[in-house]
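These notes are about the structure you will find just below.
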Amino acid sequence: MSSFEGPLLLPPSTSTPGAPIRLAVASLGAIGMAVVEAVQSGRLPGFTIAAVSARDIEAARARLAPVAPDVPVVPIAELEPLADIVVECAPAALFGEIVGPFVANGKKAVVLSIGALLTHGDLIELAGRTGGQIIAPSGALLALDAVTAAAEGTIHSIKMITRKPVKGLLGAPYLEENGIDIAAATEPVKVFSGTAREAAKGFPANLNVGAALALAGVGPDATTIEIWADPALTRNTHRIEVDADSASFSMAIENIPSENPKTGRITALSVLAALRKMTAPLRVGT
Ligand SMILES: NC(=O)C1=CN([C@@H]2O[C@H](COP(=O)(O)OP(=O)(O)OC[C@H]3O[C@@H](n4cnc5c(N)ncnc54)[C@H](O)[C@@H]3O)[C@@H](O)[C@H]2O)C=CC1
Ligand SMILES: O=C([O-])CC(=O)C(=O)O
């Protein structure tokens, strides 16, 4: 469950009509920095970076200096009063601390550590009570539009097969707990087969896409995940296979890693696309 135990404050605070929507970015890793750079360069009209948080405040100020010298770097607990929306892109363990204050105040949270949502159902309920909203963009995955549409009917089965370069999986608790050593692998190794819930627990920094697929479709216990470490790969690849009463489909994505080898470059772009859709006169896709 969430560690967030803050107050439930109603009604939601709002920004001045016509003013840019104020974004808080937590934190300044591969995704956060890409979002800040895009907004600062004017690629997302109508939005402004109001504040960021980081583990090392001085290092973050130095990182921001060339692109956003005036943006305040503040502790996570100080973000909410400064912004309308938070972009959560920090280690999963900080999820409740980052998202809680925003949804408690009827605000939106765009979240990337989607695996953490499986143990923070209380925050979804909280958002339901306050009028806040938790938005999980497609991130590094594809086809969530078709999965959510199929879920309006009956989905018979959903499976995802993830293949990652070895360095995209190193350090995952599941590997350490089960004594699986992939560092010296010379051919593809199947390291996990189970449910999306088990995958989120065992690979908290590597498999948010499994949790996203589960939440879009039939839930974490009915979604099947297979994970392979493949030393020949340079891209994180995800193939999903869906069988529903409305359609059957299988789709795959090959993600070019960002500066963080666990994270595909497309993830930060999906945040920009999700934010843009919030105010766009035309929305394409569900
Ligand atoms: N939904 C999706 O499809 C995807 C989700 N993700 C998830 O998004 C999140 C962010 O990913 P990346 O940007 O690649 O991670 P990253 O590791 O590049 O950045 C995380 C940042 O959080 C900072 N941090 C650590 N402790 C902190 C603290 N106590 N307070 C504030 N900041 C702190 C780190 O210094 C780092 O700058 C991760 O949870 C990752 O698993 C990543 C890729 C795809
Ligand atoms: O799901 C994740 O956390 C990251 C991922 O697989 C990718 O970027 O391809």
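Looking at segment 101-164, the strands (runs of 3 or more DSSP E) lying wholly inside it that each contain 1 or more residues that are outside the structural domain of Ala274 (by the TED database) sit at 155-164.
For segment 34-55, the count of residues that are closer than 16 Å to Leu112 by Cβ and within 16 Å of ligand 2 (Cβ to nearest atom) is at least one. Would you please name the residue that is farthest from ligand 1 (Cβ to nearest atom), looking only at residues in segment 215-252 that are farther than 13 Å from Ala199 by Cα, of a type in the set (S, T, N, Q) and assigned to a strand (DSSP E or B)? Filtering first and then ranking leaves Ser248.
Beta carbons closer than 7 Å, at least 6 apart along the sequence or on distinct chains, never pair a first residue in segment 73-89 that is of a type in the set (Ser, Thr, Tyr) with a second that is near ligand 1 (Cβ under 10 Å from one of its atoms). The set of residues in segment 260-286 being away from ligand 2 (no atom under 16 Å from the Cβ), in contact (Cβ under 8 Å) with a residue 12 or more places away in the chain and among the small types (Gly, Ala, Ser) consists of Gly285 alone.
Take Ile21 and tell me if it is of a type in the set (Val, Ile, Thr), away from ligand 2 (no atom under 16 Å from the Cβ) and in contact (Cβ under 8 Å) with a residue 40 or more places away in the chain.
yes
Being closer than 23 Å to Ala143 by Cβ and hydroxyl-bearing (Ser, Thr, Tyr): is that true of Thr195 here? Yes, satisfied.
The set of residues in segment 4-37 being at pLDDT 50 or above and small (Gly, Ala, Ser) consists of Gly6, Ser15, Gly18, Ala19, Ala24, Ala26, Ser27, Gly29, Ala30, Gly32, Ala34. Would you point out the residue of segment 201-226, among those that are of a type in the set (S, T, N, Q) and crowded, with 24+ Cβ neighbours inside 10 Å, that is nearest to Ala244 (Cα to Cα)? Selected residue: Thr223.
The values are calculated or read from the model by the stated rules, or taken from the named source; none is laboratory data. Computed from a prediction, not measured in an experiment: that's the story for all the values here. Here Cβ is always computed from backbone atoms with ideal geometry, including for glycine, and neighbour counts include all displayed protein chains.
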